[in-house]
Amino acid sequence: MHIRPDLKGKSVYFFPTLDRYFEGILMFDAKEKKAYVYSVKNDRKYETFFKWMIGLKNQKLFKGKKSSLTTIFLESNPTSPSIASILRESDYPLYWKSSMLMSLEDIFMLIQENILLGGKFAEITAQKINGGLELYFFKKEGKSLEKKILFIAKGILLEYEVYILNHVLQGTHLPFPVKAGKRTLNDIKDLIQYVFSLNICYGQSTTGLEDVTYVRGTQLVNNAQNSSKEHTPFAFLEKQGQPDEAYRHVDCMFIVKSKNKNICENCEKLKKTMQQIHRRILTGKNSIKVIHASKNLLIEKVKEQRKSY
Ligand SMILES: [Zn+2]
Ligand SMILES: [Zn+2]
């Protein structure tokens, strides 16, 4: 916790309900070079507002969940400016120093308060898990989960992983190393901003080429056979039967560098293949391979044969 110099020694008031409050005093321990809240009620000091509230709650001094930023006030009057009103204004970087080391609780609280990035990313939700914290990024329209950041605490250090459509993003794509390290408010902001702005590959749409999915089914396979005489797949069908049905290349890069595209270079190559298959279907030149590869077609053939018996 960092205290603005002009607020040091000042009382703050935590209101668990509108008619009750607990007094705390913002202090600075020069020896430990640490700021804290001194809690008058139980004569203890806490490193964060959040810990203060948890401390009071654990002593059964109040019940229920409270958000520290909207229930802690600078005067003993719950209609006075709350801590949140200070944080949301331009001077909040002074209060939450950008170099401040972040804990899972800090990230959780800031996401909950939606102040981490000035309220810009309201669609991000946070959930605590055992030993960690997950941030979920949903697709703008609809509720499908697109991206996830998983933070894991190792003492005061944080390690993290980024998932794109349930696929772990390699560290080389990320703004700082994923391994455990000291992470500041600035780091966390940069990371969230970065993940938020990542463009995702949705694969090669089958719109207009639906006949390809009928003949080829859920996978596109190579012409050549592998050592066990199989045609290895190079693309798989996703969202079958849905408006966003698409083939995804096995080497899909999941993220797209170009801002105005939603398909990666590898998935983009599938279009040519699909168009070739489409043309072959139109001209009736179905190769032997297609018959090998297409379960749908095989099933149809078997059904036809059964009928003729
Ligand atoms: Zn792709
Ligand atoms: Zn074959």
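Quick notes on this structure:
- Over 18 Å between alpha carbons, listed pairs K31/K57; K143/K269; K128/K148; K139/K259: K31/K57; K143/K269
- Karplus-derived HN-Hα couplings along segment 253-261 (A = 6.51, B = -1.76, C = 1.60, θ = phi - 60°), whole Hz, x at Gly and Pro: 8, 6, 10, 10, 6, 5, 5, 9, 10
- Alpha-carbon spread of segment 98-197, three principal axes, descending order, Å: 37, 29, 25
- Database remark: amide H of G203 closer than 5 angstrom to the amide H of C264 (H placed geometrically; neighbours at sequence offset of 5 or more, or on other chains; Pro and chain starts carry no H).
- Rounded, prolate or oblate (a/c below 1.5 giving rounded, otherwise prolate when a/b exceeds b/c) for segment 177-248 by Cα gyration tensor: oblate
- Modelled FRET efficiency - R0 25 Å, T218 with I129, Cβ distances, 0.05 increments: 0.20
- Size of charge dipole - segment 98-197 - debye, nearest 20, with Cβ of Lys, Arg +1 and Asp, Glu -1, no other charges: 120
No value in this document is a laboratory result; all are computed from the given coordinates. Note that the coordinates shown come from a computational prediction; the quantities given were computed from them, not determined experimentally. We place every Cβ from the backbone using ideal geometry, glycine too, and count neighbours over all the protein chains shown.
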